[in-house]
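> If you scroll down you'll find the structure; I have some questions about it.
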Amino acid sequence: MTTVLSIQNIHKIFGDLEVLKGIDVNVEKSETIVILGASGSGKSTLLRCINFMEVPTSGRIVLSGKTIGKETAGKVIYNEAELNALRTRVGMVFQHFNLFPHMTVRENVMEGPRTVLKCDKDECGRRASKYLDKVGLGWKSEAYPSQLSGGQQQRVAIARALAMEPDIMLFDEATSALDPELVGEVLETIKELADEGMTMLIVTHELGFAYTVADRVLFLSEGRILEQGTPAEVLVYPKQDGTKNFLKGHGSFRLPEPKLD
């Protein structure tokens, strides 16, 4: 196994509130990790620390064997150029799509490679076509975001992140802002990425999806990893009371039906 991302003793403090209290996780190449936990447990903050939208208060992030930042006098100093380079390798998809309303779908997907990676027009166009086709929206390339459903907009947001060709993808409750009937198309797109071997960390409340897609499930509680293991170990046979109580509040969770030959 090849470790793509190593999260080492990450703490994050906002004022008097310690949100992350020492998170340690190694993420292997092609692994899909689903992060669960109640609201306020630190799930989104952890993702934001990984791509440095929030700077960790302490601890280290190591990407592909390279430690981000430099320790000086007991404090880690981060260079903005280094962080910008990291963000090109760590794609992130949020709850809200944040597409540019004045740009077509194709232009939205081309924008990152054009402005950040300085790709030429042909390469930007190639990537836009490739990743819009991957999410099933090549036929909507000349539409504007306002002409799309919420599920389609989120799939464009996924294509936009993929167009940077990152090493790892982060999904922060990517379906929570969608109407229930639109959730499935986005989850199916993410599942296809998992099947293709994309390395991913996914924050979600969709437990059936977590059971089906995850290689490993982390359960966060009050800023710590309370429990982790395979989907069966955490979702079906949890050991910790905090995990059991959380799952009781999600009574709609059902194991996937077995496939019949």
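The values are calculated or read from the model by the stated rules, or taken from the named source; none is laboratory data. In this text the structure is predicted, and so the values were computed from the model without any measurement. Backbone-built Cβ (ideal geometry, glycine too); neighbour counts: all protein chains shown. Note: accessible area is taken over every heavy atom of the protein model, side chains too, but ligands, DNA and RNA are not part of it. Shrake-Rupley method; radii C 1.70, N 1.55, O 1.52, S 1.80 Å.
> 7 Å from Cα along Cα→Cβ at both Arg224 and Gln8: what's the point-to-point distance in nm?
Roughly 2.2 nm, to one decimal.
> Specify whether the C-alpha gyration tensor of the stretch 1-103 places it in the rounded, prolate or oblate class, a ≥ b ≥ c being the square roots of the eigenvalues: rounded for a/c under 1.5, otherwise prolate if a/b is larger than b/c and oblate if not.
Rounded, since a/c falls under 1.5.
> Starting from the Cα of Tyr144, step 7 Å toward the Cβ, then list every residue of the stretch 75-106 with an amide N under 19 Å from that point.
Residues 97-106 qualify, since their backbone N sits under 19 Å from the label point.
> Something else: Assuming R0 = 45 Å, what is the FRET efficiency of Ala232 and Asp120, from their Cβ-Cβ distance, to the nearest 0.05?
0.40
> Under 5 Å between amide H atoms, partner at least 5 residues away or on a different chain: which partners does Ser58 have, H built in plane at 1.01 Å?
Amide H to amide H, under 5 Å and 5 or more residues apart or across chains, Ser58 pairs with His11.
> Per residue, how large is the accessible surface of the chain? Use a 1.4 angstrom probe and give square angstrom.
Here the per-residue accessible area is 49 Å².
> Based on alpha-carbon centroids, what's the gap between the stretch 10-48 and the stretch 102-139 in Å, whole number please?
31
> Something else now. Relative to the Cα centre, what is the charge dipole magnitude of the stretch 132-257, using +1 at the beta carbon of each Lys and Arg, -1 at the beta carbon of each Asp and Glu, and rounding to the nearest 20 debye?
That gives the stretch 132-257 a dipole magnitude of about 300 debye.
> Counting pairs of alpha carbon atoms under 8 Å apart in space and at least six apart in sequence, what relative contact order in percent does the stretch 110-261 give?
Computed over the stretch 110-261, the figure is 15 percent.
> Here's another thing I want to ask about it. Restrict the search to the stretch 39-93; then list the GluC sites (Glu not before Pro) that DSSP places in a loop and that have at most 13 other Cβ atoms within 10 Å of their Cβ.
none
> A further question on this structure: Give me the number: length gained by fully extending His96 to Gln240, i.e. 0.36 nm times residue separation minus the C-alpha to C-alpha distance, one decimal in nm.
Net length gain for the segment: 48.6 nm.
> What nm value, rounded to one decimal, do you get for the distance between His205 and Met103 when each label is placed 7 Å out toward the C-beta?
In this crude spin-label approximation the distance works out to 3.1 nm.
> A follow-up question, please. Quick query: amide H of Glu28 versus all other amide H atoms, modeled in the peptide plane; which residues come in under 5 Å with a sequence gap of 5 or more or a different chain?
So Glu28 has HN proximity to Val4.
> Among Thr115, Thr104, Thr57, determine the one that fluctuates most according to a GNM of the chain built with springs between C-alpha atoms less than 10 Å apart.
Thr115
> Collect residues whose amide H, placed 1.01 Å from N in the peptide plane, falls under 5 Å from the amide H of Ile202; neighbours closer than 5 in sequence don't count.
Long-range HN contacts for Ile202: Ile33, Val34, Ile35, Phe171.
> Only Cα pairs within less than 10 Å get springs; with that Gaussian network setup on the chain, which residue of Gln228, Gln153, Gln240 has the largest fluctuation?
So, out of Gln228, Gln153, Gln240, the one fluctuating most is Gln240.
> Let me ask something additional. Specify the longest stretch of the chain that does not include any exposed loop site, a site being one of the trypsin sites (Lys or Arg not before Pro) with a non-H, G, I, E, B DSSP assignment and at most 16 other Cβ atoms within 10 Å.
119-238
> Could you tell me which residue out of Val62, Tyr237, Asn26 lies farthest along the dipole of the chain toward its positive end? Charges go on the beta carbon: Lys and Arg +1, Asp and Glu -1, centred on the Cα centre.
Val62
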